[in-house]
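Shown next, in structure tokens, is the structure this report addresses.
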Amino acid sequence: MDPYYLRKEVSNSDLSSLKELLYPKPVFGDKYRAYAFGSLLDYMITEPHKVDYYALTCEGQSWNYMQEDFDLAKEMKKSYYKDPFCKMISENADFQSISISHDFPIIHNAFEFQLSAGVRCKWDLLVRKWKMGGDIKSTMAKTQKEFEQACDFFDYFRSRAWYMDIEGTNDDMLIGISKVNQQVFKIPIKRGDKLYNYGKSQYQDLSFKYWMLVDGFAA
């Protein structure tokens, strides 16, 4: 296992796990398969040295991939690099860069607190000199509108505000690649705009619940 996932700092995934416990909702499709495919696509774009195209495996992944998974991911990667913005940011970005903070004040309804273990995140794309990052998502969406709806459903705006605040970036890009038609969708987020503020309010609320319910036991 990647040592990053053994760290004690609180991640956005930890907040997601708490939300699933507090507010369970129906799961559509096989989320484990979707996660495994998303990991495959991320590896192909950001860590290609970890992909074995002959054995149909990815380093650190136990999923039993099929040839059709690899074929689809390769087509999606081609679409990604055909997009001028995606090509440009990838040529300048650090892939899978880690940001950690042990001094991360969070304000919820005028109450300020910190998570005792600190906070962390791991970027798909990070260009520190631009103060900009990005996240690559595989999606079943076929249109820009469907991708925007999916980002809201899966709390991707929360994750982007979390990442931006830990690293101190000012701009971010959610990049979706359709598994259906290989179209590339992009949602820009800027510090202080509607999507950033929406995502920040979500992580502030969940972080407060984490602080009350989990933090003292996890420390």
task: State whether one or more residues within region 53-64 are part of a helix (DSSP H, G or I) and either touching a residue at least 12 places away in the same chain (Cβ under 8 Å) or within 19 Å of Lys179 (Cα to Cα) (or both).
output: no
If we keep only residues of region 158-175 that are in contact with an Asp or Glu (Cβ under 6 Å, 6 or more places away or on another chain) and not in a strand (DSSP E or B), then the residue nearest to Phe70 (Cα to Cα) is Arg160
Taking region 179-188 and keeping residues free of Cβ contacts under 8 Å to residues at least 40 places away in the same chain and either crowded, with 24+ Cβ neighbours inside 10 Å or in contact with an Asp or Glu (Cβ under 9 Å, 6 or more places away or on another chain) (or both) leaves Pro188
Picked from region 118-140 (must be β-branched (Val, Ile, Thr) and surrounded by 21 or more Cβ atoms within 10 Å (Cβ to Cβ)), the residue farthest from Asp42 (Cα to Cα) is Val119
Taking region 144-157 and keeping only residues that are assigned to a loop (DSSP other than H, G, I, E, B) and acidic (Asp, Glu), one is left with Asp155
Considering residues that are under 28 Å from Ala117 (Cα atoms), β-branched (Val, Ile, Thr) and not in a helix (DSSP H, G or I), the number found within region 176-219 is 1
Checked region 83-108 for anything outside any strand (DSSP E or B) and touching a residue at least 40 places away in the same chain (Cβ under 8 Å); matches are Asp83, Phe85, Cys86, Ile89, Ser90, Ala93, Gln96, His102, Phe104
With the structure loaded, tell me whether Ala141 is part of a loop (DSSP other than H, G, I, E, B) and under 27 Å from Ala34 (Cα atoms) or whether it fails that test.
yes
Kindly establish whether Gly192 is within 28 Å of Asp94 (Cβ to Cβ), free of Cβ contacts under 8 Å to residues at least 24 places away in the same chain and surrounded by fewer than 21 Cβ atoms within 10 Å (Cβ to Cβ). yes
Within region 15-52, the count of residues that are assigned to a helix (DSSP H, G or I), under 26 Å from Phe153 (Cα atoms) and more than 19 Å from the chain's Cα centre (by Cα) comes to 2
Glu112: assigned to a strand (DSSP E or B) and within 21 Å of Leu213 (Cβ to Cβ), yes or no? yes
Does Lys82 count as surrounded by fewer than 17 Cβ atoms within 10 Å (Cβ to Cβ) and modelled with pLDDT of 95 or more?
yes
Among Arg128, Arg120, the single one that is more than 19 Å from Ser16 (Cβ to Cβ), at pLDDT 95 or above and not polar (S, T, N, Q) is Arg128
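The values are calculated or read from the model by the stated rules, or taken from the named source; none is laboratory data. The structure presented is a predicted model; accordingly, all values stated were derived computationally and were not measured. So basically every Cβ, Gly included, is an ideal-geometry build from the backbone, and we count neighbours across all protein chains shown.
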